Amino acid sequence: MATWSEVSSGEPFAARIGDVSLGDLRATLSTRGVQTNASADALLSSSIWDDVTTETFLAVARTVSELGLIGGGTYPDILRAARAVGLGVCPPTTGVFLRLALRDQPAAPDAMMSKGSAPSGSLTIATDPLFDEGLPRGFYLRVIGGVPWLRGFHCSDEHVWSPGDLLLFRDGNP
């Protein structure tokens, strides 16, 4: 898997998922000191693990503005803009595998858990909406004070993401 410099460069990198069981993933998250929030825990206990297949795909990080949404955009707008430039969504389990691989993600410039917006220094994994509104939408990665976090996030289809928010996509529409 990739290093943070590869992810943040904006160049495609190889992402590998599905070659470890959920039990082993949970154990490794714990061993490496990865913290989770209740939303990530809900996703770790959800049906997204029912049909996980092992695959390697090219992934690429883009800000909302790099997708052409200079003033920001809603999650549906972001997914449409990504597809228009040849990017697709990642499998919903990608965040867990990437959290374990990205051991060198730099610490966020602050410790605020920004309610209502993507926190500074975070990387959101772009996936198709997973569940009905009110349940976690997907994962994001962040490091706070040297501690790696795997967090779940919530957002409505009306929430406007900031131009600088960073998301991870599959390079190429599947």
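The values are calculated or read from the model by the stated rules, or taken from the named source; none is laboratory data. Everything numeric here is computed off the predicted structure, so don't read it as measured data. FYI the Cβ positions are ideal-geometry reconstructions off the backbone, even for glycines, and counts take in every protein chain you see.
All conditions but one from (1) at positive phi; (2) touching a residue at least 60 places away in the same chain (Cβ under 8 Å); (3) touching a helix residue (DSSP H, G or I) at 6+ places or on another chain (Cβ under 7 Å) apply to Thr93; the one that does not is (1). Scan segment 15-38 for residues that are under 23 Å from Arg170 (Cα atoms) and either surrounded by 14 or more Cβ atoms within 10 Å (Cβ to Cβ) or among the aromatic types (Phe, Trp, Tyr) (or both) and the total you get is 7.
Residues of segment 37-49 that are in contact with a Phe, Trp or Tyr (Cβ under 7 Å, 6 or more places away or on another chain) and of a type outside the set (Gly, Ala, Ser): Leu43 alone. When the test is whether a residue is at pLDDT 95 or above and within 12 Å of the chain's Cα centre (by Cα), Thr63 does not pass it. Any chance segment 16-31 includes a residue that's within 23 Å of Arg137 (Cβ to Cβ), out of contact with any helix residue (DSSP H, G or I) (no Cβ under 8 Å at 6 or more places or on another chain) and touching a residue at least 40 places away in the same chain (Cβ under 8 Å)? Scanning segment 16-31 turns up no residue that is within 23 Å of Arg137 (Cβ to Cβ), out of contact with any helix residue (DSSP H, G or I) (no Cβ under 8 Å at 6 or more places or on another chain) and touching a residue at least 40 places away in the same chain (Cβ under 8 Å). Here Pro12 clears all of (1) modelled with pLDDT of 90 or more; (2) surrounded by fewer than 17 Cβ atoms within 10 Å (Cβ to Cβ) except the condition numbered (2). Could you tell me whether Ala107 is farther than 19 Å from Arg170 by Cβ, surrounded by 14 or more Cβ atoms within 10 Å (Cβ to Cβ), more than 14 Å from the chain's Cα centre (by Cα) and aliphatic (A, V, I, L, M)? Yes, satisfied. Residues that are farther than 25 Å from Ser5 by Cα, in contact with a Gly (Cβ under 7 Å, 6 or more places away or on another chain) and of a type outside the set (Val, Ile, Thr): does segment 111-130 have at least one? Yes, there is a match, as at least one residue in segment 111-130 is farther than 25 Å from Ser5 by Cα, in contact with a Gly (Cβ under 7 Å, 6 or more places away or on another chain) and of a type outside the set (Val, Ile, Thr).
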